[in-house]
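Inspection log for the structure reproduced underneath, given as structure tokens.
The values are calculated or read from the model by the stated rules, or taken from the named source; none is laboratory data. As the structure is a prediction and not an experimental result, all values here were calculated from the model. Ideal geometry is used to build each Cβ from the backbone, glycine not excepted, and the neighbour counts take in all protein chains shown. Areas reflect the complete protein model, heavy atoms only, side chains present, ligands, DNA and RNA absent. Shrake-Rupley method; radii C 1.70, N 1.55, O 1.52, S 1.80 Å.
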Amino acid sequence: MDNLTVGILGVVAVLSLIAIRVQVGVVLGLVAFVGISVIATTSAAWGILASIPQNFVAQWSLSAIPMFLLMGYIASQCGLTSGLFASARILLGRVPGGLASSTVVASALFASTSGSSVATAAAFARIAVPEMLKANYKPSLATGCVAAAGTLGSLIPPSILMILYGIFTNTSIGAIFLAGILPGILSAAAYILMITVRAWRDPSLAPSIQEKTSRSQIRAALLDIWPLPLLIAAVLGSIFTGIATPTEAAALGALVALAIAASRRSLSWLAIRKALVDTAEGTCTVLIIAVGAVMFSTFMGLSGLPNAFAALLLEYVDSVIGVILVVAVLYIILGMFVESASIMLLTIPVLQPILNSLGVDMIWFGIIVIKLLEIGMITPPVGMNVFVIRSALGRTVKLASVFKGATWFIVTDLVTLGLIIAFPAIALYLPTLMMK
């Protein structure tokens, strides 16, 4: 059996095992071990298995992951994010579809601290959806906007997916962080515009709210959300000005979150303990998948499959836009069945030779990839955010209603994605400023 055939069988084995819900990191590592044993020797496979985990986990840049997770968990456990929805509701409540738009704004701010789409969707499924249903919003809009807004956690920095992408493609993590800001704002603005237009055309979708707000309430709302802009400024400002690397900025963010919680007298040993435990669990989950992906990348390199696939694809598609469209279709299909980080780590080793041969800017491509992964998180039949919301709400809302509501946001995401592809400056403007 030639090496290329072994590589193809390895990819088939990975997809098959993931389809039956075997843990992704275990699948990637196990298939890689067997594949390397077949291509080389079992001794070589054991040697790679012994060296890769230690060498990979020891990378300094990876320490940004637990630091950003810690920052997010401290903010959540100490109540720094608790007033987001209420504050956004005061500011946007009287706009057509205001509660749904408030959810988008609050989710974007929450995502900027948690870095997790799933955590954002789970939180606002419990906070925002009951409020919208109480205001007689259609269940499809109430749940669909939470599912979609939760995906902003992947695109708005700091994002764990961005960190992993930067490490695996040898791209500046700070540049990717900055590249995600404008597309993230554009995505949120597109959601709000779509919600407002739909609610204006069909008031039964989101009945107007007649609540009156005073200046003192607006002032209190703004004061309630000040910790999050401060956290964002501390992290992204330190990176943009060159004061800190992304890893140092992550530690700074965790320190600032602790200081803010202490100043608000919401810091407790119980909250710190819970934040540390959640951080350890989240870090281990990410690193197990990442180590498996490094093993699988080594196996792919030995098989020669990435270069063979690149040569085959370039015979039929010889333009950057053509390759981007092929990647988009591939990611959307995979996103229906496989978790986001796993898709990215599984495909990047195969796609990078093609992208390098075409001279594709890897920062721009990274934003496209993350946007595609966002779409996959709400695409049927296995949109992860949709099932997170369904789990959080129990039988309150039917699964079909959540997917129905998410469809409008998928269309909006595709329009936004088209703009990012057509106008790369949307993603590249801020990183270009940093490099000057």
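Relative to the longest principal axis of the Cα atoms of the chain, the long axis of helix 384-393 lies at roughly 40 degrees. Judged by the mean number of other Cβ atoms found within 10 Å, the most tightly packed of the peptides 312-320, 18-26, 359-367 leads the ranking 359-367, 18-26, 312-320. Panel values: segment 3-435, Kirkwood radius from alpha carbon pairs, Stokes-Einstein at 20 °C and 1.002 mPa s, translational diffusion coefficient 96 µm²/s. The apolar share of the surface of the chain, taken as the fraction of accessible area on carbon and sulfur atoms (1.4 Å probe, ligands and nucleic acids excluded), comes to 68 percent. For segment 407-418, putting each phi into the Karplus relation 6.51 cos²θ - 1.76 cosθ + 1.60 with θ = phi - 60° gives couplings of 4, 4, 6, 5, 4, 4, 4, 5, 5, 4, 4, x Hz, in residue order, rounded to whole numbers and with x for Gly and Pro.
For segment 91-203, the square roots a ≥ b ≥ c of the C-alpha gyration tensor eigenvalues yield an a/c of 1.5 or more together with a/b exceeding b/c, which makes the shape prolate.
Helical runs (DSSP H, four residues minimum) scored at -39500 (n - 2.57) apiece and divided by the length of the chain put the mean residue ellipticity at 222 nm at -26000 deg cm²/dmol. The string of couplings for segment 355-371 from the Karplus curve (6.51, -1.76, 1.60, θ = phi - 60°) is 5, 5, 5, 8, x, 6, 5, 6, 5, 4, 5, x, 5, 4, 4, 5, 5 Hz, one whole number per residue in order, with x for Gly and Pro. I185 contributes about 100 Å² of solvent-accessible surface, heavy atoms of the protein only, 1.4 Å probe. The lysine pair tally for the chain, using Cα distances under 19 Å and a gap of 8 or more places or different chains, is 4.
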